[in-house]
Amino acid sequence: MKGRKALFIDRDGTLILEKEYLHRPEMVEFISGAILALKKAVEAGFVIVMVTNQSGVGRGYYALEDVEKVHAYLAKEMAMHNVSFIKIYVAPEAPDAPSRGRKPSPQFLFDARDEFNIDLERSYMIGDKLIDLQCGWNAGVRRSLLVRTGYGKEVEQQEKQKLRDAVVVNDLCEAVEWLLRDNTSENRV
Ligand SMILES: [Mg+2]
């Protein structure tokens, strides 16, 4: 039996506006159109998995409970549009601390594959940093997409050679439009 298709998305700068060390629900602002874009992906048969590095926890700036409150808020807002994550994976460690899943590690994508029967080769990763794209590549997803929101614009200018295998789009809405077209052409083969 074929596995499920997943959309792996980064949080800060991809789903919601990048704000340094965001840790309270009042700070959350969704990227315009992001929730409806995810809804389209769900309607096309994708499950949504969020994978986020939250080094602010490891650095002692805020607690894991703060991250969970933010995620409860995201879930509530999305539920109003009948969209939900199948799971949220958080890497709370500081960048220099050992971590099982901190991006660019593909570990959480492998965990999701095993837990939810996800076919990584038919799945996509979307983020605003090179580590997001690398996480997808390391896991063997079909494509990694860079959004120009958050840090994406800077990454596009500074990391040109490393983006040869990436799809670069303006935002999450465009990313979903792109991958739904790609997904349709894959089904025709
Ligand atoms: Mg980000």
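The values are calculated or read from the model by the stated rules, or taken from the named source; none is laboratory data. Quick caveat, the model's predicted, so the values are computed rather than measured. Because the Cβ atoms are built from the backbone with ideal geometry, glycine has one as well, and the counts that use them run over all protein chains shown. With ligands, DNA and RNA removed, areas are computed over all heavy atoms of the protein, side chains included. Shrake-Rupley method; radii C 1.70, N 1.55, O 1.52, S 1.80 Å.
Of the residues making up segment 138-173, just one is in a helix (DSSP H, G or I), under 19 Å from residue 123 (Cβ atoms) and within 12 Å of the ligand (Cβ to nearest atom), namely 172.
Among the residues making up segment 41-56, a single one is within 11 Å of the ligand (Cβ to nearest atom) and touching a Pro at 6+ places or on another chain (Cβ under 6 Å): 54. Filtering 145, 179 for residues that are buried (at least 17 other Cβ atoms within 10 Å of the Cβ) and under 12 Å from the mean Cα position of the chain (by Cα) leaves a single hit, 145.
If the condition is being open to solvent by 60 Å² or more (accessible area, probe 1.4 Å) and acidic (Asp, Glu), then segment 148-163 contributes only 154. Out of all the residues in segment 22-40, which are more than 14 Å from the ligand (Cβ to nearest atom) and under 22 Å from residue 99 (Cα atoms)? The answer is 23, and nothing else. Restricting attention to segment 115-137 and to residues that are open to solvent by 30 Å² or more (accessible area, probe 1.4 Å) and among the charged types (D, E, K, R), the residue that is nearest to the ligand (Cβ to nearest atom) turns out to be 129.
Per the conditions (1) over 13 Å from the mean Cα position of the chain (by Cα); (2) touching a residue at least 40 places away in the same chain (Cβ under 8 Å); (3) under 20 Å from residue 138 (Cα atoms), the sole criterion not satisfied by residue 69 is (3). Within segment 7-21, the only residue that satisfies the criterion of being touching a Cys at 6+ places or on another chain (Cβ under 9 Å) and near the ligand (Cβ under 6 Å from one of its atoms) is 10.
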